[in-house]
Amino acid sequence: MSYTGDVTHGGPPAVRELDRLTVTKLSVGPMDNNAYLLRCRDTGAQVLIDAANEAPRLLDLIGDAGLTSVVTTHRHMDHWVALEEVVAKTGAPALVHADDAEGLPIAAQTLTDGDTVAVGDQTLEVIHVRGHTPGSVALLYRDPAGTPHLFTGDSLFPGGVGNTDRDPERFGQLIDDVEQKLFGRLPDDTWFYPGHGADSTLGAERASLPQWRARGW
């Protein structure tokens with residue numbers, strides 16, 4: 001079956017085979033978080049984005065290949081409940097933006113805007129997107145054989161940006177960063193994978209940016 005990005009809590013993962021990278025999306029509970037396992041098809045190296053919950057399911061997904069690293073997109077607890085156990089079982093370093101490092105339950109290596117994370121011989125670019133939390137990041141994979149792929153955590157969803165608790169300053173930061181650093185840099189066919197729920201493309205959402213800004217959330 002072709003990849004749609006539709007997963008349900010307790011259901012099977014969705015697998016997308018790119019030319020050089022395999023993306024596996026799994027929903028874990030109880031808040032229907034998305035965890036993403038990226039595997040380099042040439043080397044077998046793997047990176048996990050958001051060890052959100054249900055460590056046994058994540059470890060089963062990871063298998064014997066282990067992990068190169070675990071990236072946490074932001075410091076909210078629902079995105080790292082399984083982090084300590086996954087790191088303990090795999091020995092993989094935990095990575096998080098410096099501004100969110102204090103919110104994690106274990107010591108982590110810190111990231112900053114423009115850093116890269118290796119997935120075997122492929123790379124993810126770290127994009128700092130402020131507002132949902134001070135250190136939220138999106139991770140960009142520029143597929144050499146196709147469209148860009150963007151893992152947005154809770155900063156961008158189909159239908160709007162992430163929650164900023166109706167704080168005008170935080171919302172301004174988030175909508176500005178999403179508009180400038182994501183929509184302003186990447187083409188419409190960029191596929192994005194959020195921290196909860198369904199995927200989308202930047203092209204499907206771009207026309208709604210003025211509406212999001214006007215409504216203030």
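Things to note:
- Rg and Dmax of the chain, Cα atoms only, in Å: 16.0, 49
- Angle between the chain longest axis and helix 168-177 axis [Cα atoms, degrees, rounded to 10]: 70
- Distribution of pairwise C-alpha distances over the range 97-202, 5 Å bins, in %: 2, 13, 22, 25, 21, 12, 5, 1, 0
- Cβ crowding within 10 Å averaged over residues, with 113-122, 59-68, 23-32 ranked highest first: 23-32, 113-122, 59-68
- Whole-angstrom gap from the range 70-94 to the range 1-67, using each part's C-alpha centre: 14
- Near the amide H of Asp115, within less than 5 Å, lie the amide hydrogens of Val126, all on another chain or at least 5 residues away, with H placed in the peptide plane.
- Under 5 Å between amide hydrogens, built in the peptide plane, is the criterion, and for Thr201 it picks out Phe192 among residues at least 5 positions away or on other chains.
- Maximal additional length on extending the Tyr3-Thr22 stretch stands at 5.7 nm, based on 0.36 nm per residue less the C-alpha distance.
- Stretchable slack from Arg213 to Asp165, in nm (0.36 nm times residue separation minus alpha-carbon distance): 15.8 nm
Bear in mind that the values in this text are calculations on the coordinates, not laboratory data. Computed from a predicted structure; not experimentally measured. Heads up, the Cβs are rebuilt from the backbone with ideal geometry, glycines too, and the neighbour counts pull from every protein chain shown.
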